[in-house]
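**Student:** Structure provided below as C-alpha cells; questions to follow.
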Amino acid sequence: MNQKITFAGNPVTLEGTPAHVGEKAPRFTVTDAALQPVSSEQFDGKVRIISVFPSIDTPVCSLQTKRFNREAAALGDDVVVLSLSADLPFAQKRFCAAEGIDRSYVYSDYNGHDFGRKYGFLIRELALLTRGVVVIDREGTIRYVEYVPEITSEPDYSKALEAARALI
C-alpha cells in the first residue's frame, strides 16, 4: 500500500491486499457476539457500509461506532452498517449494550483477521485493524474506500454516507 498510515504520529505497516474502488468486494468471515462465524455473504443484495476501527474501548472508535449506528437509522433497510474491529466479541457486546447500538452489526475480526487481510486493514505491529470505511454496492462492487491516514482521527463520515446514499 502506498498510503502512509500513522498511529499517534508513528508509522504503522498494513498487511493484506488493499481495497480499491471498482473491484469486486472479497468475501470474508468475522465473529459475532455469540462467538459464531458470520459470512459477509449474508448481506448480499444490500448496500454495505463497513466501518473499521482498532478498539471499541477508545474515544474515537466509540464515536465512530455511535455515529454510524445513528446514521443507519436514516438510511433505511436497503443499507446495512457493519462495524468491525479486532476486539473480542465480549467487549463489543458489552459496549453495544451500554451504548444502545441497535442499527449496526458489530463483529470481531480477532479470529484469523480474515477481513483485515483481504481488505488491507490489518496493522502488523498491533494485530488490530486500522481506521477506515468501505462502501459496497448491492452487486458486491467496492464504491468507496477510506484508509484514515492518522488512526487517532475520525473518518470522513460525509463522504462515506454520500457514497452510500448514491447507491440507494
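Every read-out reported here was derived from the displayed coordinates using simple, explicitly stated rules and does not represent laboratory data. No experiment lies behind these values; they were computed from the predicted model shown. For neighbour counting, all protein chains shown are included, and Cβ atoms are generated from backbone atoms with ideal geometry for every residue, glycine included.
**Student:** With the contact rule set at Cα under 8 Å and sequence spacing of 6 or more, what percent relative contact order holds for segment 1-73?
**Tutor:** Relative contact order for segment 1-73 comes out at 13 percent.
**Student:** What's the exposure ranking of Ile168, Ile142, Ile136, going from fewest to most Cβ atoms within 10 Å?
**Tutor:** Ile168, Ile142, Ile136
**Student:** How much FRET efficiency would the formula 1/(1 + (r/R0)^6) give for Ala166 and Ser39, where r is the Cβ-Cβ distance and R0 is 30 Å, rounded to 0.05?
**Tutor:** It comes out at approximately 0.70.
**Student:** Could you tell me which trypsin sites (Lys or Arg not before Pro) in segment 90-164 are loop residues by DSSP with no more than 13 other beta carbons within 10 angstrom of their beta carbon?
**Tutor:** Arg124
**Student:** Among the trypsin sites (Lys or Arg not before Pro) within segment 1-76, which fall in a DSSP loop and have no more than 16 other Cβ atoms within 10 Å of their own Cβ?
**Tutor:** Here the trypsin sites (Lys or Arg not before Pro) that fit, given the DSSP loop and packing criteria, are Lys4, Arg27, Lys46.
**Student:** Moving on to the next point. For a 24 Å ceiling on Cα separation, which of these pairs sit above it: Lys46/Lys118; Lys93/Lys159; Lys66/Lys159; Lys4/Lys46; Lys24/Lys66?
**Tutor:** In this structure, Lys93/Lys159; Lys4/Lys46; Lys24/Lys66 lie more than 24 Å apart at Cα.
**Student:** Is the shape of segment 1-42 rounded, prolate or oblate, going by the alpha carbon gyration tensor and its root eigenvalues a ≥ b ≥ c, with a/c under 1.5 for rounded and a/b larger than b/c for prolate?
**Tutor:** oblate
**Student:** Arrange His20, His113 by Cβ neighbour counts within 10 Å, fewest through most, would you?
**Tutor:** By the 10 Å Cβ count, ascending: His20, His113.
**Student:** Counting other beta carbons within 10 Å of each residue's own, what order do Tyr157, Tyr110 fall into, fewest first?
**Tutor:** Tyr157, Tyr110
**Student:** Tell me the Kirkwood hydrodynamic radius of the chain in angstroms, computed as one over the mean inverse distance between distinct C-alpha pairs.
**Tutor:** Computed over the chain, the radius equals 15.5 Å.
**Student:** Give the range of the longest stretch in the chain that excludes all GluC sites (Glu not before Pro) found in loop regions by DSSP and having at most 16 other beta-carbon atoms within 10 Å.
**Tutor:** Longest gap between qualifying sites, sites excluded: 24-124.
**Student:** Just subtract the alpha-carbon distance of Val21 and Leu88 from 0.36 nm times their residue separation and send over the number in nm, one decimal.
**Tutor:** Full-extension gain reported as 21.2 nm.
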